[in-house]
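What follows is a short report on a single structure.
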Amino acid sequence: MAGSRLERFGTVFTRVRDLMRSGVIKPLEKPIWYDVYEAFPPKRDPLYVKPHSRPSTKRREAVPDIFYREDEVRAKFYVQYGAGLRPLDLSRTHFVSTCQRFVDKYTELKSHGELEESALFEETGKALLTEGVVLRRRGALPMSAESRDPVLELKLTDMLAEQQSVGADSEEATETPETPTDLSGSRPM
């Protein structure tokens, strides 16, 4: 054989050369690059150098975590309100998420300096509500069961029956009009 197949005991050129000398590779089957490499050899032969793996000599530099001030606001926002019902639409170039709107409004209110840190978060939610952005607290029902309108709990069949009874009452009222008249026969004003 022509020796080991590992690069540290010979280059690809020397292994191919030795295989051709021994007759394993025929001259018609030699690689295309062989003649060029033989005519123009490199000044230094490529050597395999085993990398040193001493863990004590290589120190890994710990990359510090990068936190911005608005990251704290975002974290509070996601804890209190969650990620929302719909996924973010990243296909639109000028899309601004609800969280980013909240952070922008928070920084705007903070720059005025009128509110304390504790009240600022709640006031930001109220300010967004006035702009039309509805925030729903995480894990909470949109409304309590007691404050719901009883109309929401009616079934469709109940609603149809009620409409039919209201329609029948209005027909009876149009058939027998009761208009009060005084004794003189003139109409009331």
Quiz item: Taking a ≥ b ≥ c as the square roots of the eigenvalues of the Cα gyration tensor of the range 55-108, is the shape rounded (a/c under 1.5), prolate (a/b larger than b/c) or oblate?
Solution: prolate
Self-check item: Residue-level accessible surface for Tyr78, protein heavy atoms, 1.4 Å, Å²
Solution: 90 Å²
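Place a +1 charge on the Cβ of each Lys and Arg in the range 36-135 and a -1 charge on the Cβ of each Asp and Glu, then give the dipole magnitude about the Cα centre in debye, rounded to the nearest 20.
Here the size comes out at about 880 debye.
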Quiz prompt | Label-point separation in nm, Phe121 to Arg44, each point 7 Å along Cα→Cβ | solution = 6.1 nm
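The values are calculated or read from the model by the stated rules, or taken from the named source; none is laboratory data. Predicted model only: the values in this text are computed from it and were never measured. In this analysis, Cβ positions are derived from the backbone assuming ideal geometry, glycine residues included, and neighbour counts consider all displayed protein chains. In case anyone asks, the SASA skips ligands and DNA or RNA and just uses the protein heavy atoms, side chains included. Shrake-Rupley method; radii C 1.70, N 1.55, O 1.52, S 1.80 Å.
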